[in-house]
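Each reported figure results from applying straightforward, stated rules to the coordinates on display, with no laboratory input. Bear in mind the structure is a predicted one, so any value in this text is a computation, not a measurement. Cβ: placed from backbone, ideal geometry, glycine included. Neighbour counts: every protein chain shown.
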C-alpha cells in the first residue's frame, strides 16, 4: 500500500506552529507569528485541494463526505479549546464578580435613559440602621473598590451606596467625555450628575461622598461643549476646573474622599504574572514589572493626579487618598499584597480578595481612617 504521508509538509506545519507559539510567548528576535499563520493556511489549502481533486477523479466526492471529514478532524480540537477557554474565562470573571449585599431605599437617575431611576446598591453596614451613610461615585474605578469599602463600612458602621458608571465631573454642554461607541454618554452622565447632587442636597444624613475614577485617562477624552477639540493640555485644565465645580456643588458640609486612581500595570494581561509560578506555558511576566508600574505612574499618570490634588487644595472637607503612596516606594509598585495578586486587569483591582486582604487594604489605602467621624482615632 502506497502511503500519502508527506514528511516535508508535516515539517512545515511544525515550523509554522512553532513560529506562532514563540511569537505569542514573546521570545526575543522572533517576529514571524503572522508568517506562521500564512504558511499554515497555504498548507491547509494545498492539502484540501489535493483531496478534492483526487476524490472527484475517483467519483467519490460529495458535500456530505467532505464536511463529515472536516467535522471529524476539527470538532474534537474545537471542543477542547472552547472548554478550556470557558473555564479560564469563568475564573477571570470570578475576579470581578461581587454580589450587591443590599438595595438602598434611595433612587438616582440611571445611565440607561431619560426619566429612569433606580435604587442604589448599598454595602457596608445596613442602610437603615447605620451610624453614618456615604456614596461612592464614579466609573469602574469606583466599582473595583466595593469589596474593600464593604469591609470598611462594616467595621466603621457606615452604609455606602454606589453611583455608577459615570465620573461626577461629566456634565452635558460643559465638560463632556469623548465616547464614540455611545454619543449620548455625556448627556446620560449629566442627568445622573444632576440627580445625585439633588439627592445630596435633600438627604443631609448622607455625610460623605467618595469620588473615584480613572482620572489619568480622562484628559485626552475631555472637551468643552460642542467644540470637540481635545488635547492633554486642554483635558488637564478641564479636569481641574470640573472637579472644582463638582466639589463646590457638593458643598463644604459633606466630607469628600477623593481617591486617586491606582497605579496602572503597563502590560496587556497582568494575570499572567499572577500565574507565573504555575506549570502551564504562557506569556512571561516582565521581571521588572514593579519598576515598569512605577515608571508609568510617575511619567504618565502623574500630571492628572497632580491636577486632582490641585483641585482639592484649600478645602478642609476634602481628604485625598493616593494608592500610589500606599503601594509604591523606592522606584517600585507592589503587585502582591498580603499574599494575593492585586490586579484583575491593568486598571483595576480584583474583587475576590480574602476578607483579611480587604481589611489590610482598607487600612493601607486609608479608607478606614478617612470614613471615621471627626475626633475618632
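Worth pointing out:
- Fewest-first ordering of 348, 119 by other beta carbons within 10 Å of each residue's beta carbon gives 119, 348.
- Spin-label pair residue 34-residue 306: with each label point 7 Å from Cα along the Cα-Cβ axis, the two points sit 3.8 nm from one another.
- Globularity ratio of the stretch 95-187, using Cα Rg and 2.2 N^0.38 Å: 1.17
- Relative contact order for the chain, counting Cα pairs under 8 Å that sit 6 or more residues apart, in percent: 15 percent
- Using equal-weight Cα scatterers in the Debye expression, the normalised intensity of the stretch 291-377 in log10 at q = 0.15, 0.18 Å⁻¹ is -0.70, -0.97.
- Per-q log10 I(q)/I(0), the stretch 126-241, q = 0.11, 0.22 Å⁻¹ (Debye; single scatterer per alpha-carbon; no solvent): -0.41, -1.17
- Each part gets one Cα centre, and for the stretch 335-360 versus the stretch 17-82 those centres are 42 Å apart.
- Rg/Rg_ref, the stretch 7-94, where Rg_ref = 2.2 N^0.38 Å and atoms are Cα: 1.43
- Of the options [x] 1.11; [y] 1.01; [z] 0.96, only one is Rg/Rh (Cα atoms, Kirkwood Rh) as computed from these coordinates, and that is [x].
- For the stretch 147-165 and the stretch 169-219, distance of Cα centres in Å: 19 Å
- Spacing of the modelled spin labels on residue 140 and residue 178, each 7 Å from Cα toward Cβ, amounts to 2.0 nm.
- Order of 185, 46, 5 - criterion: other Cβ atoms within 10 Å of each residue's Cβ, fewest first: 5, 46, 185
- For the stretch 30-80: rounded, prolate or oblate by the Cα gyration tensor [a/c cutoff 1.5]: oblate
- Here the stretch 229-377 is described by how far its Cα atoms reach on the three principal axes: 55, 45, 26 Å, from widest to narrowest.
- Label sites at residue 334 and residue 62, each approximated as a point 7 angstrom past Cα along Cα to Cβ, lie 6.8 nm apart.
- Theoretical ellipticity at 222 nm over the chain - DSSP helices of four or more residues, -39500 (n - 2.57) apiece, nearest 500: -14500 deg cm²/dmol
- Neighbour counts of C-beta atoms inside 10 Å place 95, 56 in the sequence 56, 95, starting with the fewest.
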